[in-house]
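Encoded as structure tokens, the structure appears first; notes follow it.
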Amino acid sequence: AQTVTQSQPEMSVQEAETVTLSCTYDTSESDYYLFWYKQPPSRQMILVIRQEAYKQQNATENRFSVNFQKAAKSFSLKISDSQLGDAAMYFCACGNNAGNMLTFGGGTRLMVKP
Amino acid sequence: EAGVTQSPTHLIKTRGQQATLRCSPISGHTSVYWYQQALGLGLQFLLWYDEGEERNRGNFPPRFSGRQFPNYSSELNVNALELEDSALYLCASPNPPGPFSYNEQFFGPGTRLTVL
């Protein structure tokens, strides 16, 4: 069984500044994957970044990076140089090949202030 | 290639009725995942279909069912609707195709089901 917890229901950030969204997870699998998905208002969910658990190096995609702490089962998302278009719901998710589906956290609503 | 499509966009039903939601995956891709996103909650895994077969099922009652057609499109049926079934139902198709959790899931726009 897998669980994913996002403890911050809402976050806000000033445009051009940096914000970190928290996520903790629990899984009994040794081989698993972690994801951050973004759901803009009234728009489709899209993948932001993903991390394979066996890789120690933190994933980076342009302004988005993760801080993967495997022992602590923590997978936070850092957004640098925040833009107005970053305003959305962000979901952390965990997947493995045993069940072939994703377990999602409850989401964090990110607001970006101009 | 076309993305994931879902219909209808909105569906309003009354308690006790049945709802049918439809999804077409990325063209030629064989897997379809269904998720329920209730208000204020994250996505809950409902069903996974691949090659016409149900491969996995989430912790939902049997009145949630579905099927996958030979063209890989899928239907989600919800019988005996209850008020708490009101939610956004999302369909997803992995890309590249294949039942591997590492693959990016492409999501459809969802069907907003309201049960009165």
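Okay, here's what the table says:
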| quantity | calculated |
| --- | --- |
| Hull shadow area, averaged, the range B:1-112 [alpha-carbon convex hull, nm²] | 6.6 nm² |
| Highest-fluctuation residue, A:88, A:71, A:16 considered, GNM on chain A with Cα pairs under 10 Å | A:71 |
| Interatomic Cα distance distribution for the protein assembly as shown, bins of 5 angstrom, percent | 1, 7, 14, 18, 19, 17, 12, 7, 3, 1, 0 |
| Inter-chain Cβ neighbour average for residues B:53-59, partner chain, 10 Å | 2 |
| Aspartates and glutamates whose Cα lies under 17 Å from that of residue A:73, excluding same-chain neighbours fewer than 8 positions away | A:26, A:29, A:31, A:52 |
| About the Cα centre, charge dipole magnitude for the protein assembly as shown (Lys/Arg +1, Asp/Glu -1 at Cβ), debye | 340 debye |
| Dipole moment magnitude, nearest 20 debye, the range B:5-115 about Cα centre, only Lys, Arg, Asp, Glu C-beta charged | 280 debye |
| Cβ neighbours within 10 Å from other chains - mean over B:85-95 | 1 |
| Charged-residue dipole, Cβ positions (Lys, Arg, Asp, Glu), chain A about Cα centre, Debye nearest 20 | 60 debye |
| Gain in span if fully extended, residue A:28 to residue A:69, counting 0.36 nm per residue against the direct Cα distance | 13.2 nm |
| Chain A - Cys residues lacking any other Cys C-beta under 4.7 Å | A:94 |
| Gaussian network model of chain A, Cα within-10 Å springs - most flexible of A:55, A:38, A:73 | A:55 |
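Bear in mind these aren't lab numbers, they're just calculated from the coordinates by the rules spelled out. Predicted model only: the values in this text are computed from it and were never measured. Neighbour counts run over all protein chains shown; Cβ positions are idealised from the backbone, glycine included.
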